[in-house]
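Chemist: Next up is a structure, given as structure tokens.
No lab work stands behind these numbers, since they all come straight from the coordinates. It should be emphasised that the depicted structure is a prediction, and the values quoted were computed from it without experimental measurement. A quick note on method: Cβ atoms are made from the backbone with ideal geometry, for glycine too, and the neighbour counts reach across all protein chains shown.
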Amino acid sequence: MFKEKLVLKIENKLLQASHLALTNNQPKTNLTADVASAATTIVVANWKQLLDDMYILVGEWGEPTAEIVKLGATPTTTSVTVGALAFDHYSGTPITVIPFNQVLFYRYATLVDANTVDITAGKLGDTLDISADASFTSYNDETNTTGYGYFRFLDEEGTQYSEFSVGVSYEGNAYNSIEEITAEACSMSGTSIGEEHAKEDQLIRDANEAQDYICSQADWIFELVKNDTSITSTENANSYALSGLTYALKYPGTNQGILNVRFANTLLDYIEQDEMDELFENVAMTTLASDVAIAATSMTLTDSYEFTEEGSVYLGSNDLIPYTANAQSTGVLSGISATAITVAGSEGDIVWQGMTPGTPTKYSIFNGYINLNSPVETDKAGQKIKFKYLKRLSRFDTFDDVTEIPFYQAISKYVEYKIKKRMKDKEAYNVFGEFKDMVKINQDIYFLPLMQDYTYYNI
């Protein structure tokens, strides 16, 4: 199964599909004897991974005499039958199996999941043969100036397709895209994207390492989310998963990096979880195991073992509901007055004992949750829990991803360092020093002030 990432570049309506992914992690061998043009037999060092109808690249992408031919019958010796060669090739020439021999280009008006591209209406031009004397196949779209381009490879013989590439804007990648950032790094290193020390996946990993390093050195203004209202309070609930925030926290599972929290327009005080636990001593909470009707004289709880033998509970917007018996083995509270339940309850609704729902004033952070010091009363349910916090910057997956780091040139410098390190260039560590200097200089510009010095603004 072909799993390599496909790389598409668009400049001035010219779509360029990189061939380089086709030879990544593919079986390789080499010629052990010279071969002349028009020959239909080659001699190779290793034939055991070669099968009939496979395509092979003879030579390297971009070489004037490189070519793609199809294998004949599955070989049983080092002598291999192929389609007629167009060029002479010398002993030692690399031979690489490639899974596809053609390219199809597509255009879609909006950026979509690549595998939902309209393969009929979206197709651009004819299916194109891959030419080995270039590292990419091009298509000039003379009709469209906007939208997003895609491509996929085709095995002409087996009519098998690759997955689609990620969509790329016709306007080209942004100046702070990973493609532009790593292209600059390659230029400074005397190489090009896709070459031995600058493979696409390597460069993306390098860019992620650079971002991780930068974010580890300080708390930055560009990590700040000022007014996240993505978590909505619900009736009688006091605990909410932080995974509901728009962004992942820079410091998960801790209050570090959460500058403040508001319930609606009320600023909440932070307390440690131990103090929150003390507030909930002798408090029981569970959920309804089944629906409860108005005027019901009993209710079944999911777990009533922590509830008293007799007492009162809160359910929804009902007033305090007294009961006279608790059958813990079945979770049934009985002896409820027919006038006590005036609002029906549904399976899963929260039931409290020893804690009155109200308006929260304090919060704690524990194990991926924000916990409030009070269940949210019915009249307040639906109000937002507003966060100001430091987010974890998104990781880069493709070349068209962009960085939020404003001094993106530092990422180029780090990628240059990694490329030179792979090249065993003695200047690599000088470049790393320049990278660290750039990060330090920008700390004075983009450093986040201390929490107590930072004012909360409603937006």
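Chemist: So between Y446 and T339, what do we pick up on full extension, going 0.36 nm a residue minus the alpha carbon distance?
Modeler: Contour length minus the Cα-Cα distance gives 32.4 nm.
Chemist: Also, I was wondering about something else. Among (1) 23.2; (2) 29.4; (3) 27.6, only one was calculated for this model; which label is it, if the read-out is Kirkwood radius over Cα pairs in Å?
Modeler: Computed from the coordinates, Kirkwood radius over Cα pairs in Å corresponds to (3).
Chemist: Now for a separate question. Tally Lys/Arg at +1 and Asp/Glu at -1 over every other residue whose Cβ is under 13 Å from the Cβ of T286; what's the total?
Modeler: Net charge in that neighbourhood comes out at -4.
Chemist: Report, in deg cm²/dmol and to the nearest 500, the calculated mean residue ellipticity at 222 nm for the chain, where each DSSP H run with n ≥ 4 adds -39500 (n - 2.57) and the sum is divided by the residue count. Provide the component values of the computation, followed by the final result.
Modeler: Details: 5 runs with 70 residues, N = 459.
That calculation yields -5000 deg cm²/dmol at 222 nm.
Chemist: Compute the Cα gyration tensor for region 107-187, then decide on rounded, prolate or oblate, letting a ≥ b ≥ c be the square roots of its eigenvalues: rounded whenever a/c is under 1.5, prolate when a/b is larger than b/c in the other cases, and oblate in all that remain.
Modeler: It comes out oblate by the Cα gyration axes.
Chemist: Taking amide hydrogens as modeled 1.01 Å from N in the peptide plane, which residues meet the under 5 Å criterion relative to E67, leaving out close sequence neighbours?
Modeler: Result for E67 returns V58.
Chemist: For every other residue with a beta carbon closer than 12 angstrom to the beta carbon of E67, add +1 if it is Lys or Arg and -1 if Asp or Glu, then tell me the sum. It would help to have the intermediate numbers written out before the result.
Modeler: Numbers: positive: K70; negative: E60, E63, D88, D129, D133.
Combined, the nearby Lys, Arg, Asp and Glu give -4.
Chemist: If you average the alpha carbon positions of region 126-180 and of region 4-75, how far apart do those two centres end up, in angstrom?
Modeler: 19 Å
Chemist: Among V69, Y148, M54, whose Cα lies farthest out toward the positive end of the dipole of the chain, if unit charges sit on the beta carbon of Lys, Arg (+1) and Asp, Glu (-1)?
Modeler: Projecting each Cα onto the dipole axis, the largest value belongs to V69.
Chemist: Within the set of other residues whose C-beta is less than 14 Å from the C-beta of S138, count the net charge using Lys and Arg as +1 and Asp and Glu as -1.
Modeler: -4
Chemist: Report, to the nearest 10°, how far helix 178-189 tilts away from the longest principal axis of the Cα atoms in the chain, using its own Cα long axis and a range of 0 to 90°.
Modeler: 50 degrees
Chemist: Please work out whether region 73-207 counts as rounded, prolate or oblate from its C-alpha gyration tensor, where a ≥ b ≥ c are the square roots of the eigenvalues and a/c under 1.5 means rounded, while otherwise a/b larger than b/c means prolate and anything else oblate?
Modeler: oblate
Chemist: Counting alpha carbon pairs within less than 8 Å and at least 6 residues apart, what relative contact order, in whole percent, applies to the chain?
Modeler: With pairs under 8 Å counted, the relative contact order is 16 percent.
Chemist: D for region 1-109, whole µm²/s, Stokes-Einstein with Kirkwood Rh over alpha-carbon pairs at 37 °C and 0.692 mPa s: what number?
Modeler: Details: Rh = 15.0 Å.
The estimated diffusion coefficient comes to 219 µm²/s.
Chemist: Compute the distance in nm between two label points, each set 7 Å from the Cα along the Cα-to-Cβ direction, one at E347 and one at Y305.
Modeler: Taking the two extended label points, one gets 2.2 nm.
Chemist: Relative contact order for region 284-353: what is it in percent, counting Cα pairs under 8 Å that are at least 6 residues apart?
Modeler: Details: 175 pairs, mean separation 31.5, N = 70.
It comes to 45 percent, rounded to a whole number.
Chemist: Could you tell me which residue out of T324, N265, N371 lies farthest along the dipole of region 257-372 toward its positive end? Charges go on the beta carbon: Lys and Arg +1, Asp and Glu -1, centred on the Cα centre.
Modeler: N265
Chemist: In debye to the nearest 20, how big a dipole does the chain give about its Cα centre with +1 on each Lys and Arg Cβ and -1 on each Asp and Glu Cβ?
Modeler: Rounded to the nearest 20 debye, it is 640 debye.
Chemist: Of K28/K413; K5/K199; K362/K384; K9/K199, which sit over 22 Å apart, Cα to Cα?
Modeler: Flagged as over cut-off: K28/K413.
Chemist: What is the Å³ per residue value for the convex hull set by the Cα atoms of region 284-353?
Modeler: Dividing the Cα hull volume of region 284-353 by its residues yields 62 Å³.
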